[in-house]
1. Would you mention how many residues in the stretch 386-406 are in contact (Cβ under 8 Å) with a residue 60 or more places away in the chain and part of a strand (DSSP E or B)?
2. Can you tell me which residue in the stretch 326-353 is farthest from Glu394 (Cα to Cα), limited to those that are within 15 Å of the ligand (Cβ to nearest atom) and either at pLDDT 95 or above or within 41 Å of the chain's Cα centre (by Cα) (or both)?
3. Give the residues of the stretch 69-87 that are open to solvent by 40 Å² or more (accessible area, probe 1.4 Å) and either farther than 18 Å from Tyr35 by Cα or among the hydroxyl-bearing types (Ser, Thr, Tyr) (or both), sorted by residue number.
4. Is it true that Ala58 is modelled with pLDDT under 95 and open to solvent by 60 Å² or more (accessible area, probe 1.4 Å)?
5. Which condition from (1) touching an Asp or Glu at 6+ places or on another chain (Cβ under 9 Å); (2) of a type in the set (Val, Ile, Thr); (3) within 17 Å of Tyr447 (Cα to Cα); (4) within 16 Å of the ligand (Cβ to nearest atom) is the one that Ile356 breaks?
6. Going through the stretch 445-460 one residue at a time, which ones are within 13 Å of the ligand (Cβ to nearest atom) and under 17 Å from Tyr420 (Cβ atoms)?
7. Which ones in the stretch 88-141 are part of a loop (DSSP other than H, G, I, E, B) and surrounded by 13 or more Cβ atoms within 10 Å (Cβ to Cβ)?
8. Select from the stretch 419-440 the residues that are within 9 Å of the ligand (Cβ to nearest atom) and of a type outside the set (Gly, Ala, Ser) and list them in ascending order.
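The values are calculated or read from the model by the stated rules, or taken from the named source; none is laboratory data. These numbers were taken from a predicted model, which means no experiment stands behind them. Note: ideal-geometry Cβ built from the backbone for every residue, glycine included; neighbour counts use all protein chains shown. Heads up: the accessible areas ignore ligands, DNA and RNA and are worked out on the full protein's heavy atoms, side chains in. Shrake-Rupley method; radii C 1.70, N 1.55, O 1.52, S 1.80 Å.
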Amino acid sequence: NEEQWNILAETVPQFVWSTRPDGFLEYWNKQFSDYLQAPSESIRGQGWRQFIYPNDLARVIAIRSRSLKAGEPYEIECRLKDGQTANYNWFLVRAAPVHDAIGRIIRWFGTCTNIESQKRLEATLRQNQERIQALMESTIIGIIVTDNEKVITANDAFLYMTGYNQEDLQNGQLTFSLLQSPESSTPDLQALEELVNFRQAKPYETICVCKDGSLLPILAGVVALPHHPSQTIGFLLDNSARKELEQRKDDFISMASHELKTPIKYLKLQVQLLEKQLARQSNAQTVPALASIEKQARHLERLVEAFLDVSKIQAGKLDYLQERVNIDELIYELVEAMQQINPTRTITVHGTTRAILLADRDRLRQVFTNLISNATKYSPQASPVAIEISKSPEAISIEVRDQGIGVPREQREKIFERFYRAVPSSQKESPGLGMGLYIAAQIVKHYKGTISVEDARGKGSTFRVTLPPRDSEAKCSIPF
Ligand code: ADP
């Protein structure tokens, strides 16, 4: 009945309205007038048309008049003007005819439902979809989605890069491990660990095995999907051009170092010969000059050796001898030698490890020589350098402490990278090429040890190397 209908129409959140059979608007509820904020005369009849978004009007009129003619319900999405803000919002307009006993249309009832937020969401989704589509369809970036081990989706760029096809995917044959190369197990494992811990693995360099078995250097990154924990989405970029360039640079460094090695050796030899001859002829004035040439030649030789070591590490060809190394003996002898080279310093060593390791003595010496000479290089002339050695059931520990410039926190991992220097501009004159710590770290890594730096108590830095005591012999006697 009329009264119930009115109560209902005035309480529902939608706009409710009714028209005569010819479409003349006669009634609209309070919600509708509140929205339009216009006098009744301007809404009644066909007045409502002025509130429809101009671009939608023709469509609305066409659909409506078709329905009125056919006497069938209709649904239209269109924008209506909010009288308060003058903004247009999306509405879903629905109308249906009411018939009398003999089937004649006596009225049309309609509603308008606000679908603005739904429309906005749809637009955002469409936009996101478009962006993702552009990325997926690009030929520059390979994208794959995996579920547990299986690759379930891949774009054409990925398939082109790796030689697989959609059929391989549909067969469910393509798995993550099939793409992984044993040669790159370390970065892959690290990425997996990051993925498990942080739900994403930041971009990392690795090697991908293509369908034909060839290896493709790539830059990869992976993110776990928040609502599907077993699924990940990853990107792959072909990294071969950069790797090739890097390889060429490494080859150049290796070749240049080899080329430089022989003339330097020859130079040193000739200087030593000359030194002896002049000493025999008692030509004392020239001796200091020759000694200085020899010193510079030795410096050059060390640089070239370091370059060669870096090249060998890059190629995975750094050789290691296996010999019994008495760690205490090595460190005490080394400190004594370093003290002689730096007579104005106090270089001290404390502690014992009583450890014998099966390792390459020269390579270990190289590690600690670098740490001690850095400690002297990056600290004031008069300040002491203290070495502390100890052993626990878990590790042999060697600490080198200085009172120098220290290493800023954010650079403490980077200084172990190849050619990285963290020298502040005030210290730029201190010579170096950022190879020593890289080589040291690689040697320590070879022995499954650790190397790190932290603040020294007070000032400067403490470099700590730990080595597994695996091959040590507790009962060994030390000669000092
Ligand atoms: P180099 O000394 O030839 O630059 P290294 O690889 O031995 O190369 O060291 C890398 C960088 O680490 C150095 O350039 C320096 O910035 C920093 N560093 C190394 N040892 C120390 C130290 N004891 N105190 C402060 N900074 C250091």
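1. Looking only at that region, the number is 8.
2. Residue satisfying both the conditions and the ranking: Met338.
3. If the condition is that a residue be open to solvent by 40 Å² or more (accessible area, probe 1.4 Å) and either farther than 18 Å from Tyr35 by Cα or among the hydroxyl-bearing types (Ser, Thr, Tyr) (or both), then Lys69, Ala70, Glu72, Pro73, Glu75, Thr85 are the ones that fit.
4. no
5. (4)
6. Ile451, Ser452, Val453
7. Taking the stretch 88-141 as the starting set, the residues that turn out to be part of a loop (DSSP other than H, G, I, E, B) are 100-104, 115, 138-141.
If the condition is that a residue be part of a loop (DSSP other than H, G, I, E, B) and surrounded by 13 or more Cβ atoms within 10 Å (Cβ to Cβ), then Ile115, Ser138, Ile141 are the ones that fit.
8. Listed by number, the residues that qualify are Phe419, Tyr420, Arg421, Val423, Pro424, Gln427, Pro431, Leu433, Met435, Leu437, Tyr438, Ile439.
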